[in-house]
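Some notes on the structure that comes next.
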Amino acid sequence: MQFLAEGEDVISALHHYALEVPDLAIADAFLQDFGLETAEKDGALIAACAGRPQEQVRMVEGPDKRLHHVSFTLGAGTLDTVREALERAGTPVIEFPAGADENGLWVRDPDGTVVQLLDTEPTPPRSVPEILINSGSGRQRIGSALWRDLTADVMPRRLGHTLLFTPQPARMTAFYTGVLGLHVSDTIHHDLVTFLNAGPGDHHIFGFISSTHPGFHHASFEVPSIDAIAMGADRMRTKGRAAGWGLGRHTIGSNFFHYNPDPWGSWIEWFSDIDQIDDCWVAGDWDVPPHLWGAPPPQTFLSNLEPQRP
Ligand SMILES: [Fe+2]
């Protein structure tokens, strides 16, 4: 069902994601090794990209690891539009959950996942220098030695996207497109994986993987280059972190990727060179593996270890 005018954008970006985890000290060490800056805030653990004052991850203590909420920013002047769409869809506004900050509008999506909608602009990603490349027939870099500059900045710039498990991808897609104004970018095997965009920009900021029950699959952070991804993977190895999946280039979205398993059976990703879409983008349904090259994903990649919700 469409509760917005055709083509009306509401969500502008993914703001942060929040997990409940059994031990905040373990979460703190893991997120620091990954390359984020952490801080304590009202009993929660907050993580952000260095040089970008926007919360990107929130961890609150709980008995099991589970998704706590996802948070999006709304486009300027769209708050009334989203209120009206929610009302027409029969989606009530709820109280903010314990462990979250109270700002914005709070709702539950069809899976019962708590969603924060913030009437604010996202903070710009930390600026990084342009990287000149010599590829294809293009020659952008002449007279300078790339290797001497590449190690200067390899840390995450911004949270780009998160993918959730859902047992009802069609209903979830209908809610996030028809009520909150996201758009389908592409799907794999009908609804095995669904990628959603917020208008011109990243190919996807959000999406779903079909599963038996709701859960958090992964979150992904942009780093300045493919080299930054590989150096990040080296850093995780040096710190004794378990091997993940990558380096590779994805099919859908085309981004370079490397995933590390997090301490709770879900995943965290670095990406670079993701497809940028425009208003003319046409979604397709693809029968392809998730990677264009590189090793196939580990067997556990699509395991949803999150406990079933009551
Ligand atoms: Fe991803």
### Query
For the range 218-242, what are the residues that are of a type in the set (V, I, T) and touching a helix residue (DSSP H, G or I) at 6+ places or on another chain (Cβ under 7 Å)?
V223
### Query
Out of all the residues in the range 229-236, is one or more touching a residue at least 60 places away in the same chain (Cβ under 8 Å), within 16 Å of the ligand (Cβ to nearest atom) and among the β-branched types (V, I, T)?
no
### Filter result for G246 (part of a loop (DSSP other than H, G, I, E, B), within 16 Å of the ligand (Cβ to nearest atom), open to solvent by less than 60 Å² (accessible area, probe 1.4 Å) and of a type outside the set (V, I, T))
no
### Message
Condition first: part of a helix (DSSP H, G or I), among the β-branched types (V, I, T) and within 14 Å of D153 (Cα to Cα). Can you find one or more residues in the range 210-224 that meet it?
### Response
no
### Query
Could you say which residue among V128, V184 is assigned to a loop (DSSP other than H, G, I, E, B), open to solvent by 10 Å² or more (accessible area, probe 1.4 Å) and in contact (Cβ under 8 Å) with a residue 60 or more places away in the chain?
V128
#### Entry: Yes/no for L159 being buried (at least 24 other Cβ atoms within 10 Å of the Cβ), hydrophobic (A, V, I, L, M, F, W, C), within 19 Å of I277 (Cα to Cα) and touching a Gly at 6+ places or on another chain (Cβ under 9 Å)
no
### Number of positions in the range 189-209 that are away from the ligand (no atom under 16 Å from the Cβ) and touching a helix residue (DSSP H, G or I) at 6+ places or on another chain (Cβ under 8 Å)
1
#### Entry: Verdict on D227 being part of a loop (DSSP other than H, G, I, E, B) and out of contact with any His (no Cβ under 9 Å at 6 or more places or on another chain)
no
### Task
Select from the range 11-35 the residues that are closer than 15 Å to W267 by Cα, among the small types (G, A, S) and assigned to a strand (DSSP E or B) and list them in ascending order.
A18
### Query
So which of S220, S254 ends up being surrounded by fewer than 22 Cβ atoms within 10 Å (Cβ to Cβ) and either more than 14 Å from the ligand (Cβ to nearest atom) or in contact (Cβ under 8 Å) with a residue 12 or more places away in the chain (or both)?
S254
### Task
Kindly provide the set of residues from the range 265-300 that are in contact with a strand residue (DSSP E or B) (Cβ under 7 Å, 6 or more places away or on another chain), away from the ligand (no atom under 16 Å from the Cβ) and not in a loop (DSSP other than H, G, I, E, B), ordered by number.
G284, D285, W293
#### Entry: All positions within the range 155-181 that are assigned to a strand (DSSP E or B), among the hydrophobic types (A, V, I, L, M, F, W, C) and more than 13 Å from the ligand (Cβ to nearest atom)
F165
### Task
Only residues that are assigned to a loop (DSSP other than H, G, I, E, B) and more than 16 Å from the chain's Cα centre (by Cα): list them for the range 48-63, please.
A50, G51, R52, P53, G62, P63
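Conditions (1) in contact with an Asp or Glu (Cβ under 8 Å, 6 or more places away or on another chain); (2) open to solvent by less than 30 Å² (accessible area, probe 1.4 Å), marked per residue:
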residue: A89; (1), (2): no, no
residue: A98; (1), (2): no, no
residue: G104; (1), (2): yes, no
residue: G112; (1), (2): no, yes
residue: L117; (1), (2): no, yes
residue: I142; (1), (2): no, no
residue: W147; (1), (2): no, no
residue: P167; (1), (2): yes, no
### Summary
P307: passes all of (1) more than 20 Å from R158 (Cα to Cα); (2) part of a helix (DSSP H, G or I); (3) of a type outside the set (G, A, S) but (2)
### Summary
The condition of being without any contact (Cβ under 8 Å) to a residue 12 or more places away in the chain, of a type outside the set (D, E, K, R), part of a strand (DSSP E or B) and surrounded by 13 or more Cβ atoms within 10 Å (Cβ to Cβ) holds, among T38, T73, only for T38
### Summary
Residue pairs qualifying under the 7 Å Cβ cut-off, at least six apart or on distinct chains, with the first in the range 268-281 being modelled with pLDDT of 95 or more and the second being part of a loop (DSSP other than H, G, I, E, B) and β-branched (V, I, T), are W270/V223; S272/V223
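The values are calculated or read from the model by the stated rules, or taken from the named source; none is laboratory data. Just so it is clear, the structure is predicted and the values come from calculations on it, not from any experiment. Here Cβ is always computed from backbone atoms with ideal geometry, including for glycine, and neighbour counts include all displayed protein chains. Note: accessible area is taken over every heavy atom of the protein model, side chains too, but ligands, DNA and RNA are not part of it. Shrake-Rupley method; radii C 1.70, N 1.55, O 1.52, S 1.80 Å.
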